[in-house]
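Everything on this sheet refers to the single structure shown next.
The values are calculated or read from the model by the stated rules, or taken from the named source; none is laboratory data. Note that the coordinates shown come from a computational prediction; the quantities given were computed from them, not determined experimentally. Don't worry about glycine lacking a Cβ; one is built from the backbone with ideal geometry, like all the others, and counts go over all protein chains shown.
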Amino acid sequence: MSIVRPTHDGETTAETTAESLGAHRQDQARAPEFRAGREEHGTGELVRQAAQQVSELMRAELRLAVAELKDKGRHAGTGAGMFGGAALVALYGVAALLAAAIAGIAVALPVWAAALIIGGALMLVAALLALLGRSQTRRATPAKPEKAMDEARQTVAELKERATH
């Protein structure tokens, strides 16, 4: 391991002995010396560095957001698949319950009449769900975020107004 240390005249030397490693650890506690020849950065350079650092920070934040969204998307996909499996099993369960209802009604009526009653009830439920779905679909069109667009327009107008004053 090589250590670069300043000498008394400003030159640097490299040391690699075990003794110098110990001395180097002790030197870390001292404050750095002020050198008259050291250049201070101007305001323009500091602004450039700040803009560069903000840009790098934003890129890092975007990379983090993308990674987080990928992870959440993977979990959401797995969850959606499980919900789909649950829906399929529930469909089979409903079919079994419907068969049991038909068999129960078939004790008092012929089997065809029991199936007709259950089928009619299911068609009524399907019609009701279709009407409710149509009303919800109408509320979703047009498929653009109108409120958000209006707020964005207001914000832009307000920023333009402030910029001119």
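Structure above, values below:
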{"quantity": "Residue pairs meeting the criteria (Cβ under 7 Å; at least 6 apart or on separate chains; first in contact (Cβ under 8 Å) with a residue 12 or more places away in the chain, in the stretch 152-165; second basic (Lys, Arg) and surrounded by 10 or more Cβ atoms within 10 Å (Cβ to Cβ))", "calculated": "none"}
{"quantity": "Single residue of Glu146, Glu158 found to be surrounded by 10 or more Cβ atoms within 10 Å (Cβ to Cβ), of a type in the set (D, E, K, R) and at pLDDT below 95", "calculated": "Glu158"}
